[in-house]
Structure formats: C-alpha cells, structure tokens
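Have a look at the structure below before the remarks.
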Amino acid sequence: MLVDHGLLERVDEDRGYYRITERGRQYLEGELDAEDLELNED
C-alpha cells in the first residue's frame with residue numbers, strides 16, 4: 001500500500017528492500033496530508 005501511494009519504492013524485490021521516497025519524507029514531516037495521497041498509477 002505504501003508503494004501504491006508513492007511513499008516507498010522497491011529497491012530489491014528478491015530481498016524485500018524498500019526506500020522512502022521524497023513524498024514519503026514529506027508525509028512524515030507533516031508537509032503532506034493523508035487526504036492528499038492518491039494511488040500511484042505507475
């Protein structure tokens with residue numbers, strides 16, 4: 001779900017590694033509301 005909303009990105013699917021995105025950082029810092037999250041259509 002976090003990937004779908006653009007908050008995390010997959011780094012290594014085989015090992016299950018993820019990295020926080022700039023959008024994820026903005027959310028954690030309170031600069032982005034949960035209401036502003038839309039599904040990532042990639």
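Coordinate-derived values only; no laboratory data. Owing to the predicted nature of the structure, the values given are computational and were not obtained by experimental measurement. Glycine gets a Cβ as well: all are built from the backbone with ideal geometry, and neighbour counts include every protein chain shown.
Tabulated values for the structure
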read-out: Candidate set: the chain, residues that are among the aliphatic types (A, V, I, L, M) and part of a loop (DSSP other than H, G, I, E, B); chosen: the one farthest from the chain's Cα centre (by Cα); value: 32
read-out: Conditions (1) in contact with a Leu (Cβ under 6 Å, 6 or more places away or on another chain); (2) loosely packed, with under 11 Cβ neighbours inside 10 Å; number of the one not met by residue 15; value: (1)
read-out: Close pairs from the stretch 15-36: first closer than 16 Å to residue 2 by Cβ and without any contact (Cβ under 8 Å) to a residue 60 or more places away in the chain, partner surrounded by 12 or more Cβ atoms within 10 Å (Cβ to Cβ) and of a type in the set (Phe, Trp, Tyr), Cβ under 6 Å, at least 6 apart; value: none
